[in-house]
Amino acid sequence: MTSALADQLREVIPAEGVLDDPVQLSLYGYDGTLYESTPQLVVLPETTEQVAAVARICHAAGVAVVPRGAATSLSGGPVPVRGGVVVAFTRMDRILQLDYENQRAVVQPGVINIDLQDALATPGYFYAPDPASQNVCTLGGNVGENAGGPHCLKYGVTANHVLGVEMVLPDGRCLRTGGKSLDWPGYDLTGIIVGGEGTLGLVTEITCRIMPMPETVVTMLAIFDSLGTASQAVSDIIAEGIIPATLEMMDNAMIRAVEESLQAGYPLDAAAVLLIELDGLPASMDRQVEQIKRACQRSDVRDFRVADDEQQRALLWKGRKGAFGAVVNIAPSKICTDISVPRTALPQVLAEVLAIGQKWGISIANVFHAGDGNLHPLVLYDPRDEDQARRVRAIDEEITRLAIAHGGVLTGEHGIGCGKRKYMPLMFGPAELRLMWQVKEAFDPDLLCNPDKVLPDRDEITESEPLLLPEGSFTQVAPQVAARNEQGWFEPVDEEAVQKMLALAHRERQPVVVRGAGTKLDPLADDVAVISTKCLNHILAYDYENLTITVEGGVTLPQIEEAVAYHGQMLALRPRFAQRATVGGILAAHESGPHRLVYGGPRDLVTRIKAALPGGEVVSFGSSCVKNVAGYAMEKLFIGSCGRLGAILEVTLRTLPRPEALRTVALSMEDPMVAAPLLAELFASPLRPAAIELLNPLAGETVGRVNRQWTLLVGLEGFTEDVEEMVERLGAMATEHGLGDWRELDRDYLALWSDVTNLAVQPAGTAILRASCQLSATTTLTAELNALDSAGALRASPGLGLVHCAVSGKLELRNYQSQAQILAEKYGGTTSWLALPPPGLATLPPPGTSREICRRLKHALDPHSILPDVL
Amino acid sequence: MISDSQFIEAELSRCNKCGYCMQSCPVYRVVRREPSVARGRNQTLRAVMEGDSDLTRPMLEPFFECLLCGACTVDCFGSVQTNELMVRARQAYYAEYGQPAVQRYIFRNLLPNPGRLTRLVRLTSLGKRTGLSSVARRLGLLRWLSPTLDVAEGLVATMPGAFLRDRLPRLGFISPKHTDVRLLRLEPEQATGPKVLYFIGCATNFQLPQTGEAGIKLLQKAGCQVTVAPNNCCGLPPWSYGDIEAAQQLARQNLDLLAGLDFDLLVTECGSCSSFLKRWAELLPNDPRAETLAARTRDITELLAELSLPKLMGGGTTVTYHDPCHLGREQGVTEQPRKLLVDVGGFELIELIEANWCCGGAGSYNLSHPEMSQQVLARKIDRIAATGAEVVATACPACIIQISYGVRERAWQRPVRHVIELLAERHGLSVGS
Ligand SMILES: Cc1cc2nc3c(=O)[nH]c(=O)nc-3n(C[C@H](O)[C@H](O)[C@H](O)COP(=O)(O)OP(=O)(O)OC[C@H]3O[C@@H](n4cnc5c(N)ncnc54)[C@H](O)[C@@H]3O)c2cc1C
Ligand code: SF4
Ligand code: SF4
């Protein structure tokens, strides 16, 4: 059997790329954990075609495939627990494209994280996710685990930076999701694949975002006498309105180990050291350092050091970087556990972790990402001692349970793999687990891809309580569940009522739509019932210290703004109709405004979603911990799903400290194309404007331009000095490009940008088409789209590669879109309608595997298609 | 030397399979497969130790295609000494299956017998292929043993006219005791430096005599009284092949040969020899002479950097420097050769990226694993090309031979020289070839 399979594989892969020698096979059976299992065969493909051929052969033979990168996983992810063929990606290590203009890199999955960083460094760019293992781990593995790193406090994790993948499905067909440009139609498959732990398919190409390096970096070290005060200092720093690039902490056991082997200069009796790093523009650095120092002093910091030069910086980092190794002095080996808890729970959780170690008589040292509550207790032991090994396993379990008890998650960045599958029911109910299984099956119906990972066995999942509904037709029963308003919309009063409405519609095959504020008024067929989330308008929890807020789906943005303003925070979501739109509606439509440039879109800001499904089940995915990779990122599925999968009941969002200064500057020009060189220079610079919009003359009227000129509008947010500096440097850039002077706009910042976002000059209800493209093509596409319909207002976001066009009444929409589509495609993008899509004109994912998977997902969640269905 | 299973177990228990050793293992970085990285090698050994796998396979390749360069130990949090483990693994393998007869003959009969060795090398270098050379080729033994083979392989450009020891009288060495022609002394013009006993390594003697000559002349210029040691092979080759006994035998024999000689320091320009000489104390824990000798051993670059050689002003020639594993990583001598090039040689130094990555020469690795060696070398040569330097400098004969070969393969005209050769040349000391 094995040898026949090997022969078949040797026909599609160079012979030496197929390993079947037992010694070699055993070397592909482990990762960085204690799990081990020998595969049947190993293949080392070099091209996507080879991967596809391998998948086809294995699929036909009914043999499992297990993707493997560098096998540095700390969850057993690449361990072939059921044998099968390990597909090792280490030889697919080519960087395919470094596209600085468009701020994207395209790589094969076997590229080592640091090799990408090295290639980017000379021209001054970087790829943000920097796991501590970055010198050896592969980008494919980073995608698999949704890896984080010290810098993800400020920049986000892998999921925030991977924009598209090419993946070979377990049956050998190829799937492409996303790409260099943003906002592709269909469900966010990229979002599910990142963190899919190799259970959904074999990723063969990755498109990710790259950014210009920050101009200045300042590193600080603060030494504390208690973990409590150190944790308090972390909260205080954030309360000062500062989000450092890193906030890493070490406890006493770790400090002692580090000092013993590395002499990093930490006092042996200190309870905690905090490593803080800021990056950004130089202007505000001194003041930020001062503020951080004060915050630490308020928490009785014992010593506060700032690195003056590269050498000192290296010294401060020395202890952190060497921490993993230093513990070898305590015990020969270790396991590295991984949990995430709300940051405020840190002192308590740490104390309990140490108590667990004491109870079992095993040393535990801690080094962790304090900024986002992600802990890695290192459990130190001697693997030669079987009894110690047994106790270590018990500790791992207790620590995992501890996280859950404190409102945390099973894993912050290492993944579930095979080690934590059994704990999944601690975090997810049967409905959630069943749904994740359905997602798995949508990609891998034969369950051949990295089996026995992530999800607990199906037969271990208990049945959910059936929902009791009165007998009768929809028209008979619905009014008993929810009252109707004057428009005839059903207005369920609470979560349970929404749940029942959907269950009823499902049972009675009644088409329904879910509506928030009704800002996106698609025309409805007569027989469609409307469920309004209007009554789900409560703010449920605001944890300002953890920078998260949990609200019901019908809550509007002004409600949230009001709640967070007291603590000097904001929700960095500024979509169209921000005054009226509901959170649920915004997420479902994946609406975001120009400020997505610096703050990210809903996809980046949402950490948890609770939704009611047509089957009557209520599911909740994600958590209020920002670092969370437990299970598939199902919350991403609902974002941008346009209400086709379920009703969003509850959402947890990240809040941010409100910036100190907000300024808008504008530049006028005859022709949008003249902005292109200026924009190119701006994007390659370390300046990070909050928003950049190019407005056609009509759109320009929203900001008071009446001279028939185009307007380049730049929104700047941040520390006063930084904003000042950006204004100055923008001025210099404009002069250099012969573009004259910027004009500062004094109008209220948010009001001004809200008008711009809404294209407020247009009459309400105008159809708006959104075209996407690669960043560098935005001005060209803008000019061409403008030529299609110069009577409509148009705003382009050159930093996002998006153009929003309000289509003037004169044009036939279908015809307009098909022309716009041709243009957008030319520049690597597509088009979709934001409001009033003419019937049948909703944009579909491209035909083929991508559309098919979306269809399967739709079918899994809404088998009778009672919610709108375009596929 | 601790060659017991305790050592192996202690090292292996610190390997937690983190994979950090993938960073700069030159072999792994070109082949990107698990058996070729320290983690894979160590796990193979672990399987053998635990009885999950046995040694009955024809060849446990992971053990044998390690360069023993030590790079992984530096990257490893637990400092697992994979290179040491691989030597033990090879030892165990041969203990189980017996050492190939030819290898045993070379290590036990040829290396301890310089007369026989010299005659044989001379014979083979005259082009008379012996049966030995093809066996040596297969086993990948000692490239200098079969220079004709190296020529055939293209590894060596031309053969030296005469071995270094043959040239010594020409260099003005006089033999104080006419009874021992192998002990020769050269007096400096002004004896200001230490009394140096010069250790001529096999590769220097047979293949790069001009390098040794340069070393001797420089030392003399720097005020040292130089006596050439009547030494044999230092023992590194058998040790690398896991024949620790033969290595011990050679070390002991050398200690006997050097007994009673009057010197302050034992010096060699071969980074491999100097590294191994410093390890003799470990090799012969029960012989106090070994410890004394190890303590007195210096690599020539180490010593010259301390002595007062006249400084030369910049000649504008650009040079890049490759760190030999045995000199840089093993002995921590990295600053001195660079300082010599810049201060004493007046060169402009352009740093080489991955300067301390093994060039793939690794003793006779380029003969035992020619393909792998070529790939490792190709990466090194790419890095050298990127510096644009006019001259390539290094400090170990094995690296010189390997890198020169890589440079010739690309048809470059770039000299690849030992640091001391470049210095000697800059200081007008003529060395014959
Ligand atoms: C010392 C140490 C420090 C670490 N620090 C961090 C850290 O700071 N942050 C962090 O997040 N993690 C960290 N990790 C964990 C680990 O390095 C990451 O999870 C990393 O992303 C794994 O990458 P890899 O190439 O080793 O992948 P592997 O371990 O080989 O695989 C990881 C998962 O991805 C899947 N996979 C791999 N390649 C593909 C592919 N092409 N297509 C589909 N699936 C694929 C595998 O099946 C597996 O489930 C650390 C690990 C170690 C040993
Ligand atoms: S770096 Fe060290 S501990 Fe890690 S896998 Fe390699 S040898 Fe083992
Ligand atoms: S000693 Fe060198 S070749 Fe051998 S495993 Fe370590 S790094 Fe690789």
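The values are calculated or read from the model by the stated rules, or taken from the named source; none is laboratory data. Since we're looking at a predicted model, the values are computed, not measured. All Cβ positions, even for glycine, are placed from backbone atoms using ideal geometry, and neighbour counts span all protein chains on display. SASA here: full protein model, heavy atoms, side chains in, ligands and nucleic acids out. Shrake-Rupley method; radii C 1.70, N 1.55, O 1.52, S 1.80 Å.
Brief remarks follow.
- Charge sum, other residues only, whose C-beta stays under 9 Å from A:Trp360's C-beta, Lys/Arg counted +1 and Asp/Glu -1: +1
- Note on the protein assembly as shown: with charges restricted to the Cβ of Lys and Arg (+1) and Asp and Glu (-1), its dipole about the Cα centre is near 3540 debye.
- Where only DSSP H runs of four or more residues are counted, the protein assembly as shown gives -11000 deg cm²/dmol as its mean residue ellipticity at 222 nm, each run worth -39500 (n - 2.57).
- Average other protein chain Cβ within 10 Å of Cβ, residues A:28-36: 3
- Nonpolar atom fraction for region B:309-426, defined as the carbon and sulfur part of the 1.4 Å probe accessible area, stands at 51 percent.
- With a Förster radius of 41 Å applied to the C-beta separation of A:Glu240 and A:Glu16, the computed FRET efficiency comes to 0.10.
- Taking each of A:Lys293/A:Lys627; B:Lys17/B:Lys380; A:Lys422/A:Lys453 in turn, the alpha-carbon distance tops 18 angstrom for A:Lys293/A:Lys627; B:Lys17/B:Lys380.
- Rounded if a/c under 1.5, otherwise prolate or oblate - region A:733-781, Cα gyration tensor axes: oblate
- Separation between Cα centres of region A:612-649 and region A:229-280, rounded to whole Å: 35 Å
- Near-label residues of region A:110-135 by backbone N, under 20 Å of a point 7 Å along Cα→Cβ of B:Arg410: A:119
- Whole-angstrom gap from region B:64-98 to region B:208-268, using each part's C-alpha centre: 25 Å
- Gain upon complete extension [A:Gln487, A:Asp303; 0.36 nm per residue less C-alpha separation]: 59.7 nm
- Association of chains B and A removes close to 2700 square angstrom of accessible area from solvent, both sides included, for a probe radius of 1.4 Å.
- A Förster radius of 41 Å, combined with the Cβ-Cβ distance separating B:Asp262 from A:Leu268, puts the computed FRET efficiency at roughly 0.25.
- Computed with a 1.4 Å probe on the full set of protein chains, the accessible area for A:Lys422 sits at about 120 Å².
- Spatial separation of Cα centroids for region B:286-305 and region B:365-433, in angstrom: 27 Å
- Flagged links, alpha-carbon separation over 22 Å, of B:Lys221/B:Lys339; A:Lys180/A:Lys440; A:Lys440/A:Lys636: A:Lys180/A:Lys440
- Three-way shape call for region A:582-668 based on the alpha-carbon gyration tensor, with the a/c threshold at 1.5: prolate
- Calculated FRET efficiency, A:Ala787 to A:Ala565, Cβ-Cβ distance, R0 = 30 Å: about 0.10 to the nearest 0.05.
- Rule-of-thumb Rg ratio for the protein assembly as shown [Cα; 2.2 N^0.38 Å; N residues]: 1.04
- Zone residues, region A:688-715, relative to A:Glu744, backbone N less than 17 Å from point 7 Å out along Cα-to-Cβ: A:690, A:713-715
- Prolate/oblate/rounded label for region A:432-575 (Cα gyration tensor, a/c 1.5): oblate
- Added length on full extension, which subtracts the Cα-Cα distance from 0.36 nm per residue, B:Glu425 to B:Glu282: 47.8 nm
- Interface residues, region B:30-46 - accessible area loss of 40 Å² or more versus chain alone, probe 1.4 Å: B:Arg32, B:Arg33, B:Glu34, B:Pro35, B:Arg39
- Taking the accessible area of region B:164-305, probe 1.4 Å, and keeping the other protein chains in place, the carbon and sulfur fraction comes to 49%.
- Peptide A:17-27 is shielded by partner chain Cβ atoms: per residue, an average of 5 of them sit within 10 Å of its Cβ.
- List of region A:91-117 residues, accessible area with partners at least 10 Å² below that of the chain alone (1.4 Å probe): A:Arg91, A:Asp93, A:Ile112, A:Asp115
- Here's the picture: charge each Lys and Arg Cβ at +1 and each Asp and Glu Cβ at -1 in region A:696-797, and of A:Pro697, A:Ala777, A:Thr766 the one pushed furthest to the positive end of that dipole is A:Thr766.
- The stretch between A:Thr122 and A:Leu447 holds 112.6 nm of extra length on full extension. This uses 0.36 nm per residue minus the Cα-Cα distance.
- Rounded percent of accessible protein surface that carbon and sulfur make up, region A:216-421, 1.4 Å probe: 49 percent
- Label point distance in nm, A:Glu736-B:Ala10, each placed 7 Å from Cα along Cα→Cβ: 6.0 nm
- Under 5 Å from the amide H of A:Arg104 lie the amide H atoms of A:Asp99, A:Ile210, each residue being 5 or more positions distant or on a separate chain, with H modelled from the backbone and absent for Pro and chain starts.
- Per-residue SASA entry for A:Glu717, accessible area with 1.4 Å probe, Å² rounded to 10: 20 Å²
- This model, with +1 at the C-beta of Lys and Arg and -1 at the C-beta of Asp and Glu, gives region A:216-421 a dipole about its Cα centre of some 380 debye.
- Modelled label positions at B:Leu307 and A:Thr216, each set 7 Å beyond Cα in the direction of Cβ, lie 5.2 nm from each other.
- Percent RCO, i.e. relative contact order, over chain A, from Cα pairs under 8 Å lying at least 6 residues apart: 11 percent
- Accessible area (Å², per residue) of the protein assembly as shown, counting only protein heavy atoms and a probe of 1.4 Å: 35 Å²
- Burial here means at least 20 square angstrom less accessible surface with every protein chain in place than with the chain by itself, probed at 1.4 Å; in region B:61-92 the buried residues are B:Phe77.
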